[in-house]
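Okay, so here's the structure we're looking at.
The values are calculated or read from the model by the stated rules, or taken from the named source; none is laboratory data. A quick note: this is a predicted structure, and the numbers were derived from the prediction, not measured. When we count neighbours, we look across all protein chains shown, and the Cβ atoms used for this are built from the backbone with ideal geometry, even at glycine.
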Amino acid sequence: MPHLIQPMRLNPLLHTLMAASMCTAVHANTPPAALHTPNNTVYPRIDHHLGERLHPNEAVKAEEIADIIAASIRKQYSSGLALRDAHPKAHGCVRAEFKINETLPKNLAQGVFVPGKTYHAWIRFSNGSRDATQADIKSDARGMAIKLLSVPGKKLLPDEASTQDFIMINHPVFFVNDPDRYISFMQDINGSGVLKKLHIPFALGIKGTWIAFNSRSKISNPLQTRYWSMVPYQLGTDPDRQAVKYSARACSALTTPMPHAPHPNFLREAMRSDLQKADSCMEFLVQPRTSNAMSIEDSMTEWKESQAPFYTVATIRIPQQIFDTPEQNKFCENLSFSPWHARLEHQPLGAINRMRKVIYDRISQVRHEMNSTSRSEPH
Ligand code: HEM
């Protein structure tokens with residue numbers, strides 16, 4: 001056939017260019033092969049469209065961080081109950097109802113945010129310090145982890161779980177935004193000797209040290225504190241998916257005064273005393289990104305509320321209850337929260353979140369194995 005170009009007769013440069021363009025065409029139609037960590041965990045795919053960028057050797061570094069944390073809890077809890085490496089001190093796990101607004105604009109009515117729907121949920125409130133015995137009056141980061149139950153739809157993890165987790169801390173930004181700094185920080189806090197501790201500000205850099213310092217504060221009641229997801233999440237699916245962050249805050253501006261002579265566990269007492277008397281109410285908010293200049297990867301930079309407002313999508317009712325029982329505390333201890341317990345529409349975004357897929361799963365596995373308890377998601 002004379003009008004067809006015979007590849008063998010093309011000059012070598014043209015041949016190479018054609019081969020390259022054929023390769024691109026194949027890649028455009030075929031999803032790239034999944035990336036695996038050294039332990040063979042499937043590492044999250046990158047969403048270039050939303051602005052995700054992979055760090056060099058990120059999957060390997062995520063495993064390295066998991067190795068450091070696993071070794072640390074094996075050492076720290078060589079006898080007795082193995083606790084979480086981060087946020088080991090719970091103020092309590094409470095039953096809650098997570099009610100989605102009756103009406104929502106289409107861009108927010110995605111995934112679990114089905115207008116009018118109510119989910120049963122568990123919420124675990126915690127201190128961030130790795131020292132579970134630390135008194136609540138000390139400045140610290142405070143956590144709020146929500147687990148929605150009986151959530152239908154496709155999930156990100158290949159288990160049969162029907163849960164959706166939202167994990168937040170009472171500060172809008174995280175103190176690290178890249179894997180290398182996190183490794184260096186972990187080596188410092190787990191190393192022995194004063195020199196290692198003195199090196200922490202060098203590991204974190206000026207901005208990271210500043211954020212770490214400011215993430216710690218005193219609070220008088222976990223039910224009245226504002227929390228942020230710090231890192232972003234996808235909302236929705238192709239082609240209209242967007243990037244959002246989350247937040248939660250009390251429905252009213254009531255504040256419990258700080259006790260004069262605080263008991264080491266006074267935050268648990270504040271929750272216990274409130275919930276013995278009445279229901280408690282919080283709002284769950286979503287902050288859609290309004291410009292691509294708001295970074296997905298830089299978890300150290302806030303998306304300013306003045307440029308990207310938050311919208312209330314759900315009301316969290318924490319009914320009057322007695323939560324501080326040995327059975328419920330044990331149940332709470334055995335729960336595992338992860339940003340990756342999520343529907344496809346809520347895929348976690350950015351390096352910190354991608355690494356959390358590997359780390360949370362491994363550390364939860366290790367502590368359950370150390371405690372000889374089975375690991376399963378509640379129904
Ligand atoms: C690479 C960065 C991070 C690492 C290595 C890390 C590590 C961990 C680990 C090991 C646990 C305990 C998991 C378990 O035993 O089940 C945990 C829990 C937790 N993390 Fe992170 N984390 C990171 C980033 C974040 C961020 C950005 C947030 C912000 C919301 C966060 C908030 C929490 C909270 C609230 C808990 C306690 C959850 C619960 O109540 O069980 N973490 N983290």
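Against the numbered list (1) touching a strand residue (DSSP E or B) at 6+ places or on another chain (Cβ under 6 Å); (2) over 30 Å from Gly92 (Cα atoms), Ala293 comes up short only at (1). Count of segment 114-145 residues, restricted to those that are in contact with a strand residue (DSSP E or B) (Cβ under 9 Å, 6 or more places away or on another chain) and in a loop (DSSP other than H, G, I, E, B), is 14. Just to verify a result, which residue in segment 220-235, among those that are in contact with a helix residue (DSSP H, G or I) (Cβ under 7 Å, 6 or more places away or on another chain) and more than 19 Å from Ser295 (Cα to Cα), is surrounded by the fewest Cβ atoms within 10 Å (Cβ to Cβ)? Among them, the one singled out is Ser220. Of the residues making up segment 146-160, one or more are in a strand (DSSP E or B) and within 10 Å of the ligand (Cβ to nearest atom).
In segment 362-377, how many residues are on the phi > 0 side of the Ramachandran plot and within 12 Å of the ligand (Cβ to nearest atom)? Write out each step before concluding.
Applying the first criterion (on the phi > 0 side of the Ramachandran plot) to segment 362-377 yields 372.
Those left that are additionally within 12 Å of the ligand (Cβ to nearest atom): none.
Of the residues in segment 362-377, 0 are on the phi > 0 side of the Ramachandran plot and within 12 Å of the ligand (Cβ to nearest atom).
Figure legend. Inter-residue proximity from segment 110-136: first residues farther than 22 Å from Ala270 by Cα and at pLDDT 95 or above, second residues in a loop (DSSP other than H, G, I, E, B) and of a type in the set (A, V, I, L, M), beta-carbon distance below 6 Å, spacing 6+ or different chains. Indicated pairs: Val112/Val151; Pro115/Leu104; Pro115/Ala109; His120/Leu149.
Taken over segment 191-213, the criterion of being among the hydrophobic types (A, V, I, L, M, F, W, C) and either free of Cβ contacts under 8 Å to residues at least 40 places away in the same chain or in a loop (DSSP other than H, G, I, E, B) (or both) is satisfied by Val194, Leu195, Leu198, Ile200, Phe202, Ala203, Leu204, Ile206, Trp210, Ala212, Phe213.
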